[in-house]
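Visitor: Here's a structure for you.
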Amino acid sequence: MAELAASLVVGPLVSLLKDKVSSYLLDQYNVMEGMEKQRKILKRKLPAILDIMADAEKQASRRGGVKAWLEELKMVAYEANDVFDEFEYEALRRRAKKNGHITKLGMAGVKLFPTHNRVAFRSRMGNKLDSIVEAIKVLVEEMKDFGFDKLQPEAPAWKEWRQTDSIIVDPEKIVSRSRDKEREKIIEVLLSHQASSGDLLVLPIVGMGGLGKTTLAQLIYNDPRVQEHFQLLNWVCVSDDFDVRNLAIKICDCDASKTTLEKALNNLQEHLRGKRYLLVLDDVWNKDVDKWGKLKACLNQGGVGSAILTTTRDKEIAEFMGTVANNSSWKNKYHDVAILDIEFIHEIIETRAFSLQKTKPEELVKLVGPIAERCVGSPLAAKALGSVLCNKTTKEEWEDILHRSRICDDETGILPILRLSYNDLPTDMKQCFAFCAMYPKDYQIDVEELIQLWMANGYISDQNKVPAETMGKRIVNEMVSRSFFQYEEQRRIGYSSTTFVKIHDLMHDVALSASEKECVCITDEFFRSGDLLPSVAWHIQFQRSTNKKELNFLFGTTREMFPHIQTMIFDRSDYYHEDVPHSSKFSSLRALSMPVSGAHLSIKAKHLCHLRYLDLSDNDGIKALPDDISILYSLQTLKLSNCSSLKRLPEQMKHMSSLRHLYTDGCTKLECMPPELGRITSLRTITWFVVGSGLNCGSLGELKDLNIGGSLMLKQLENVTVRRNAKAANLENKKELRQLSLEWTSGKEDEQQCHEVLQSLEAHDGLLALEIYSYQGTSFPSWMGMLKNMVELRLSNCSKVDQLPELEQLAELQVLHLEGLGKLQFLCSSCTSSTFGKLKDLKLVNVQVFDRFCQAAHGGIVAFPQLEILHIKGCDVLSEVVNLPSSLREIDIQNCSKLRFISGQLDALESVVIAVCPELRSLESLRIIDLSALESLLLHGCKSLASLPSGPEPQDYSSLRRLVIRECPGIKSLASALQQRLDSGLEYTYLDSRLEAHDKDAFALACGLKKLNMDAAGRRLLLLPIGFLPLQRHE
């Protein structure tokens, strides 16, 4: 697999080096003075190498000389990139010195660069550059001697085995049964399709390699109903050769030698004209819309009801080819093939593994299940592993297969099929994907962090005024489209600033193969194996807490250098007591994520001049960053999130000219921002901007010309005393800003001053989330009601406001949380049935005088048609909550002393909490259509309550896990269905003494609980399973 690794990094590395050699910054500060000759040689030689790179990489798997040459080129390219990064750092250092940075550091600056002068620098770097140039010259000569530059692409060896046909082999009918639902769904569309408008139905089947797309197409193609319905059926394996002429010839089955493109297309139209046909185009890789358009124009000549099935690994291809969404109720233009259920995977493995044996040894049968789980729903993996196991008859051999770190290897034969997707990636994407081998399997990868790590390692950069971050998002989306990644579903309602992806387990094996040993994940298994850290390891992630002894085992106890390690990430879920190895050992680090610690900061900036990504989050021992952090001139990302003891940032931070992302959220003791932060014009992220009051504090005006995006919180706004200072933040022109939080802290601010400041902090209308804390004005500015795209609004402790902004204009609002608005009586003044049309989460806490949702006594009904979560607490005068929508999943109403009535008809409520509502008499008007979804029912301190929520008969509490009925004397008994569920056992139960209870021991046994307590009088049952957090007592 080494040839795959070679093709991974060499081309992009050389291309990156070529760009660095030509950097304008090196000329601007004359850092290559006296080395112009060597630089010119590299400018000539590197493009020559790149010219032959694609051909050389293709030949690496078949020619040992090419492979060895590429490996040597890779090592030289890494070293050369380090050298030119030093040149770049020197240029940035000279710029900072010109701007007075070194002088302002005083003696600290002298200590950081004790022997730094231009003569010494030129001598040292000249020697390094001479070595690089000589190595490049040798490589170029070898390239000519070996004829690498004359290599012609050969027909790939895998073309023949990629050919498919319509014949399906399924003697045990496992495949047919496993895809029955999907097959029926697609056949229904094919048979019911009526193209009265002449539109052709195109239905792509999409999924990663090995999931069974072709098999599903074969099942549909061979179904007797399909065979009878269509007058003409044809199967064409396309692969990567989407030649319109060749495809037309294959469909018509013509003589290729005598057919031109024009004739082939004419023949195709005549062949299909007026006939209702089904065409399967299997294994499509083409992204050329024009080619598809030309072929489709001819395919449109078929009869009414004609259809095309395609299979592809790429959702982007499926999007432009598919038409099914135009002709049916399908959500997408394609069918996303499902992973196979575990029972079918199990059956496939067992059938193949024991095909040559008369008996099935029980000890081997027991291993089928764990092996099936390794296949993660892939029938290809199941077939391959079953075939491998067929010739293995001992438990030891089977366990060896089970415990392999990856199942995609030479023996199983899975890798070549999956590698096709990797080979089809653009060159720059290959290194981005292979880098992900650093993560363990099934790992949730933070997309924003991943992109920043790609940037730190030079994989992506700004291109033609398109920021590197945008390029990274495009690459992630492309990899999702190509089934390398899959987005993790976000359960959070409203705006989410964090997006995660996962790599399918089998594609993770491809990444491991591609990266070879350059990416290493340090786990318990790694230490158990006794493996040493590979000498070619460039990127390392620690997925476990590591002590000093283990670190010494990995890196040695001497001052041995590890110049090649570029990424070192420590997992943040564990607390580390030991320091990481001294930073002087890792002079080439581009990315460093320090372990969580309560200790002092152990890194030394002078050893980390190449650093572009530094994560110090969750280190509560850091009270102040040392001033010498400001000499990290190449640093792009600095993460200080949740450094709860941090009080100040380096005063000279303005000289960190490459900084793009600064994370200070959770730094609760941070007093202010450093002065002149606005000089870092590359800044795109500042999560918390703390406004100070001292002379050396940065003002909001520093934000004026910064293109800040993502989430921004402005804290200590009481220190903004005049309107113009707030206006200077220029928030209305920050079009990339998605979430804005504004916080006052003292609570003693002048009302008019607060209003003027908030008025001047107007955001652009693309804002998605707005939070305001402890605002002391009496009204909100009008701009808040014009944020037409806003999905989330949170207002807390705005105690003097008696009216909200005009929410009628916020048509996209999904989350509305109001807390501590002591004078607010209603949500809106002129509500209509569509005012909160998309609201899903409503929270009202300590809104003491709130008594109705709409101001007008006879105003329109507030329907909340999509509301899922309703929390109401401490609304002392609210008397009724009516017409709750059917969409509601969770109700939590507490401490509403005047509440008398709740009504609504709910489809599938999951949780009900009603506590300390002494005047509430009945819940019969709260009808739950499907009680089987109810998981939690808590009623507490409702002294007048005499009935539970009602539902249809027969009632079903099959999902109920928690039941509390406490201090509700009006409830005398439980419904029979609820009593039956109680008998079968719940996770947590607390019942009043008035409710019938079983014998203590028998009841505990039925519930399966380890602990059962009764109060001293023996009147109540209290069941407390391990790990349960008792509810707060209400007096």
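Visitor: Got a sec? Which strands (runs of 3 or more DSSP E) wholly within the stretch 890-977 have at least 2 residues that are surrounded by fewer than 21 Cβ atoms within 10 Å (Cβ to Cβ), among the acidic types (Asp, Glu) and assigned by TED's automatic domain parsing to the domain that holds VAL877?
Guide: Values: elements: 890-894, 901-906, 911-915, 926-928, 936-940, 962-966.
In the stretch 890-977, 890-894 are the strands (runs of 3 or more DSSP E) which contain 2 or more residues that are surrounded by fewer than 21 Cβ atoms within 10 Å (Cβ to Cβ), among the acidic types (Asp, Glu) and assigned by TED's automatic domain parsing to the domain that holds VAL877.
Visitor: Determine the pairs where a residue that is assigned by TED's automatic domain parsing to the domain that holds PRO204 and modelled with pLDDT of 90 or more, located within the stretch 289-311, has a partner that is crowded, with 21+ Cβ neighbours inside 10 Å and basic (Lys, Arg) with Cβ atoms under 8 Å apart, the partner being 6 or more residues away or on another chain.
Guide: Pairs that qualify, where the first residue is assigned by TED's automatic domain parsing to the domain that holds PRO204 and modelled with pLDDT of 90 or more and the partner is crowded, with 21+ Cβ neighbours inside 10 Å and basic (Lys, Arg), are THR311/LYS213.
Visitor: Would you please name the residue that is modelled with the highest pLDDT, looking only at residues in the stretch 727-755 that are more than 23 Å from GLU792 (Cα to Cα) and assigned to a helix (DSSP H, G or I)? Give the steps one after another, and end with the answer.
Guide: Looking only at the stretch 727-755, we keep the residues that are more than 23 Å from GLU792 (Cα to Cα), and these are 727-728, 746-753.
Filter once more, keeping what is assigned to a helix (DSSP H, G or I): 727, 751-753.
On the way: LYS727: 93, GLU751: 87, GLN752: 89, GLN753: 90.
Filtering the stretch 727-755 for residues that are more than 23 Å from GLU792 (Cα to Cα) and assigned to a helix (DSSP H, G or I), the one modelled with the highest pLDDT comes out as LYS727.
Visitor: Tally time: how many residues in the stretch 735-758 are closer than 23 Å to SER497 by Cα, of a type in the set (D, E, K, R) and in contact with a Gly (Cβ under 7 Å, 6 or more places away or on another chain)?
Guide: Residues in the stretch 735-758 being closer than 23 Å to SER497 by Cα, of a type in the set (D, E, K, R) and in contact with a Gly (Cβ under 7 Å, 6 or more places away or on another chain): 3 in total.
Visitor: OK, next. Quick one: in the stretch 512-538, of everything that is aliphatic (A, V, I, L, M) and either surrounded by 14 or more Cβ atoms within 10 Å (Cβ to Cβ) or at pLDDT 85 or above (or both), which residue is farthest from LEU418 (Cα to Cα)? Quick ask: steps written out before the conclusion?
Guide: Going residue by residue through the stretch 512-538, those that are aliphatic (A, V, I, L, M) are 512, 514, 520, 522, 532-533, 536-537.
If we keep only those that are either surrounded by 14 or more Cβ atoms within 10 Å (Cβ to Cβ) or at pLDDT 85 or above (or both) as well, we get 512, 514, 520, 522, 533, 536-537.
Numbers: LEU512: 12, ALA514: 12, VAL520: 21, ILE522: 25, LEU533: 28, VAL536: 25, ALA537: 24 Å.
Within the stretch 512-538, the match that is farthest from LEU418 (Cα to Cα) is LEU533.
Visitor: From the list LEU201, LEU219, LEU232, exactly one residue is buried (at least 16 other Cβ atoms within 10 Å of the Cβ), among the aliphatic types (A, V, I, L, M) and over 19 Å from MET321 (Cα atoms). Which is it?
Guide: LEU219
Visitor: Of the residues in the stretch 235-288, how many are within 40 Å of the chain's Cα centre (by Cα) and not in a strand (DSSP E or B)? Explain how you work it out, then say what you get.
Guide: The first filter runs over the stretch 235-288 and keeps only residues within 40 Å of the chain's Cα centre (by Cα), leaving 235-244, 247, 278-288.
Within this subset, residues satisfying the condition of being not in a strand (DSSP E or B) are 240-244, 247, 285-288.
Matching residues across the stretch 235-288 total 10.
Visitor: Here is a follow-up. Which residues, taken from the stretch 899-950, are at pLDDT 90 or above, of a type outside the set (A, V, I, L, M, F, W, C) and under 16 Å from HIS871 (Cα atoms)?
Guide: Scanning the stretch 899-950 gives GLU910, SER911, SER936, HIS940.
Visitor: List the residue pairs whose Cβ atoms are under 9 Å apart, where the first residue sits in the stretch 527-555 and is under 13 Å from LYS517 (Cβ atoms), the second is surrounded by fewer than 18 Cβ atoms within 10 Å (Cβ to Cβ) and among the charged types (D, E, K, R), and the two are 6 or more positions apart or on different chains.
Guide: Note: pairs meeting the criteria are PRO534/LYS517; SER535/LYS517; VAL536/LYS517; ALA537/LYS517.
Visitor: Report the residue count in the stretch 395-453 for those that are β-branched (Val, Ile, Thr), modelled with pLDDT of 80 or more and not in a helix (DSSP H, G or I). Before you say what the answer is, go through the steps one by one.
Guide: Residues of the stretch 395-453 that are β-branched (Val, Ile, Thr), as a first pass: 401, 407, 412, 414, 417, 427, 445, 447, 451.
Then drop every residue that is not modelled with pLDDT of 80 or more, which leaves 401, 427, 445, 447, 451.
Remaining after also requiring not in a helix (DSSP H, G or I): 445.
Count: 1.
Visitor: Being modelled with pLDDT under 90 and crowded, with 21+ Cβ neighbours inside 10 Å: is that true of ASP509 here?
Guide: Values: modelled with pLDDT under 90: yes; crowded, with 21+ Cβ neighbours inside 10 Å: yes.
Yes.
Visitor: List the number of the failed condition for LEU232; all other conditions in (1) touching a residue at least 40 places away in the same chain (Cβ under 8 Å); (2) more than 15 Å from LEU295 (Cα to Cα); (3) under 44 Å from the mean Cα position of the chain (by Cα) hold.
Guide: Status for LEU232: all satisfied but (3).
The values are calculated or read from the model by the stated rules, or taken from the named source; none is laboratory data. No experiment lies behind these values; they were computed from the predicted model shown. Glycine also receives a Cβ, built like all others from the backbone with ideal geometry; neighbour counts cover every protein chain displayed.
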